[in-house]
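K.L.:
Pasting a structure here, questions to come.
The values are calculated or read from the model by the stated rules, or taken from the named source; none is laboratory data. Keep in mind that what you see is a predicted model, and the values were worked out from it rather than measured. So basically every Cβ, Gly included, is an ideal-geometry build from the backbone, and we count neighbours across all protein chains shown. Ligands, DNA and RNA are excluded from the accessible area calculation, which covers all protein heavy atoms including side chains. Shrake-Rupley method; radii C 1.70, N 1.55, O 1.52, S 1.80 Å.
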Amino acid sequence: MSITRSLLTSVALLPLLAACQVYTGKPEGPPPATRLQGQVQLENGQLAFTPCQEQRRFVLADGGGSTIEREVTRLGNDGQTSLFADLAGRLGGSQGNGNDGRFEVSQIYRLQGEGHGCDDLNFKRLALRAGGNEPFWQVEIGSKGLVLNRPDHEPLALPYLEEQLPDGRLNFSSEANGQRLDLWVAPQRCVDAMSGALNHLSAELRLDGQVLRGCAHFGAMRN
């Protein structure tokens, strides 16, 4: 009888022990950042942000070192009043005055006054886009693999290897059809010298001994 009672007591304690093992007592961390693309305009001394294909409007604010106001002002000084922005941050409640809330920006992926924005059909299929000028070059990495675009050349699709390096740096390499390609990207503020567009990655393309520099940003397939 005592053995049976002991067994029943042990079984009854199992849920309590399991609960003690699962509960850590640590508070939950902050919610993950939201990534949005849309148009930014300066209205009544505030930055207004309208996401692509939406009617909602948010007041933009710096959520911790993003320098969004300074970057919009810089491009605005060049006469660009409406900008495309690719941003990450946290959405807050309604601020009134015709706005649907507040978007505190923690990361600027891209900020530009010209080029493809909300109408970029390839964005959802891209992991990374890099490019530069003089001479123009562009590398797109995504659902179609690695594609190299250059003037007077057909788009060249290549197999590639990706290597993650310290400090958030990445290397994409390919060797095919007698060509050697290395693309290096690093998390560093990068401004296009011709358009003034801001990207969150610097890029360096080494192609058959030639070194070409530019900027890069992550596509929708990669944050």
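K.L.:
Sort out which residues of segment 128-169 are hydrophobic (A, V, I, L, M, F, W, C) and assigned to a strand (DSSP E or B), and write them in order of number.
P.N.:
L128, A130, W137, V139, I141, L146, V147, L148, L156, A157, L158, L161
K.L.:
Tell me, which residue of segment 51-73 that is surrounded by fewer than 19 Cβ atoms within 10 Å (Cβ to Cβ) and β-branched (V, I, T) is nearest to F218 (Cα to Cα)?
P.N.:
Of everything passing the filter in segment 51-73, T67 is nearest to F218 (Cα to Cα).
K.L.:
Scan segment 57-73 and report the pairs whose first residue is of a type in the set (A, V, I, L, M) and whose second residue is assigned to a loop (DSSP other than H, G, I, E, B), with Cβ atoms within less than 6 Å and a gap of 6+ or a chain change.
P.N.:
As it stands, the answer is V59/Q95, since those pairs meet every condition given.
K.L.:
If you don't mind, there's one more thing I want to ask. Report yes if V185 is more than 13 Å from I141 (Cα to Cα), among the β-branched types (V, I, T) and either at pLDDT 95 or above or touching an Asp or Glu at 6+ places or on another chain (Cβ under 9 Å) (or both), otherwise no. Step through it out loud before you land on a result.
P.N.:
On the way: more than 13 Å from I141 (Cα to Cα): no; among the β-branched types (V, I, T): yes; either at pLDDT 95 or above or touching an Asp or Glu at 6+ places or on another chain (Cβ under 9 Å) (or both): yes.
The answer is no for V185.
K.L.:
Taking segment 35-50 only, how many residues are touching a residue at least 24 places away in the same chain (Cβ under 8 Å), open to solvent by 20 Å² or more (accessible area, probe 1.4 Å) and either touching a strand residue (DSSP E or B) at 6+ places or on another chain (Cβ under 6 Å) or of a type in the set (G, A, S) (or both)?
P.N.:
Number of matching residues: 5.
K.L.:
Within segment 178-208, count every residue that is open to solvent by 60 Å² or more (accessible area, probe 1.4 Å), in contact (Cβ under 8 Å) with a residue 12 or more places away in the chain and assigned to a loop (DSSP other than H, G, I, E, B).
P.N.:
So the count comes out to 3.
K.L.:
Hey, another quick one. Hey, among G89, G76, which residue is of a type outside the set (F, W, Y) and either open to solvent by 60 Å² or more (accessible area, probe 1.4 Å) or at pLDDT 90 or above (or both)?
P.N.:
G89
K.L.:
If you don't mind, another one. Taking L201, is it out of contact with any helix residue (DSSP H, G or I) (no Cβ under 6 Å at 6 or more places or on another chain), farther than 30 Å from G79 by Cβ and of a type outside the set (G, A, S)?
P.N.:
So L201 does not fit the description; no.
K.L.:
Being closer than 24 Å to G79 by Cα, without any contact (Cβ under 8 Å) to a residue 12 or more places away in the chain and not polar (S, T, N, Q), is that true of even one residue in segment 118-133?
P.N.:
yes
K.L.:
When the residues of segment 105-156 are filtered to those that are crowded, with 20+ Cβ neighbours inside 10 Å and of a type in the set (V, I, T), which remaining residue is nearest to W184 (Cα to Cα)?
P.N.:
Step by step, filter segment 105-156, then rank; the result is V139.
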